[in-house]
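One structure is given below, encoded as structure tokens.
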Amino acid sequence: MIPMPRAAAHRAGGRLRVALVPRAALVLLAVVATAACTQQPAEPEPTAALPDGISASVLQSRQDVVDGRLVVQLDNGTGDELEFASFDVEAPGLEPGLHFDGPRTIADGRSVQYRVDVTPARCDGDAGPAEVTLEVTGVDGGTAVGTVRADDPYDTLPRLQNSGCLAGAVESVASFTLADRLRSTASGVDRRAFLDIAVQPTGAASGSVDLSEVLGTTLLSAEDGLNWSTTSAHVEASDDPSTISLPVRPARCDPHAGAEDKRGTILPLVVTTSEGWSGQYEVRASASLKEDLFAYFTERCGLPSN
């Protein structure tokens, strides 16, 4: 027998009328009612705190200093595999924006290093401590968001703040720029050379920089010693342009020195500014000056040119 649609009755004007209700509509109503009564799975609730055993630290290698990056090391001692979606680092001596995007997974008992670009320095407060805020996913699928205070075993944060604020204070007074070419006399092992630093004051109404010494590097030395200890200058923002000349010799006659060294052509100027910041302000050799220096080392040291 073919099922017939059910009838719904109502009166209109004293007469009984019958309206057919399609079976499909009845089925749809039943499905909707059933779905409304079915309990949906709950979303995982974020936990109140990170699991115990997560620690962090900040540091830099020599190459990270050159690249302008901060290393954030995360240590997983939770007893379980740790997965995190991202993290942010906040340090009072650096502008916001120290961010790393995941996801990443750290095995239990492992320490992993991640690198973030260093942001500009803030000069109106302390350098640290740093705090790392991260979102982690547990083995049960739940998430936790929390903050871990980072250790700074090598005083990286004070150094970053000082170098950034020192650079800003120096550059508000004058620019210090190494010449693009090496100046030299004679040839062969008798060749002598000079590094010229152009000093261009900004013309600001106030501000000064005192240069007390220029330090040698793993590649560059003063002609009469390691450092240019007698090189000094007092520069006012309103001064005329000037040049500082440094007689230079190879710090070592090693054919592999240039290829292996990362910072040997960066000269540290020991300075103090009128704003109170002091330390080493770095000036860097251009690509053309590096070529001249390596050719000079080869010639003066009597090394094979190839």
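Taken together, the values in this text are just the output of simple stated rules run on the coordinates, not laboratory data. In this text the structure is predicted, and so the values were computed from the model without any measurement. Every residue, glycine as well, gets a Cβ built from its backbone with ideal geometry; the counts of neighbours run over all protein chains shown.
Here are some notes:
- Descending by average beta-carbon neighbour count within 10 Å, the peptides 273-281, 224-232 line up as 273-281, 224-232, the highest first.
- Put a dot 7 Å past the Cα of ASP190, heading toward its Cβ, do the same for ASP108, and the two dots end up 7.4 nm apart.
- When the convex hull of its Cα atoms is projected in every direction, mean area for the stretch 116-195 (nm²): 11.2
- Charged-residue dipole, Cβ positions (Lys, Arg, Asp, Glu), the stretch 172-301 about Cα centre, Debye nearest 20: 400
- Spherically averaged projected area of the convex hull of Cα atoms, the stretch 54-155: 6.4 nm².
- Inter-part distance, the stretch 200-235 to the stretch 115-171, computed on C-alpha centroids, equals 31 Å.
- Coordinate range along principal axes, alpha carbons of the stretch 172-301, Å, largest first: 47, 26, 24
- Projecting label points 7 angstrom from Cα along Cα→Cβ for GLU291 and ASP180 puts them 1.1 nm apart.
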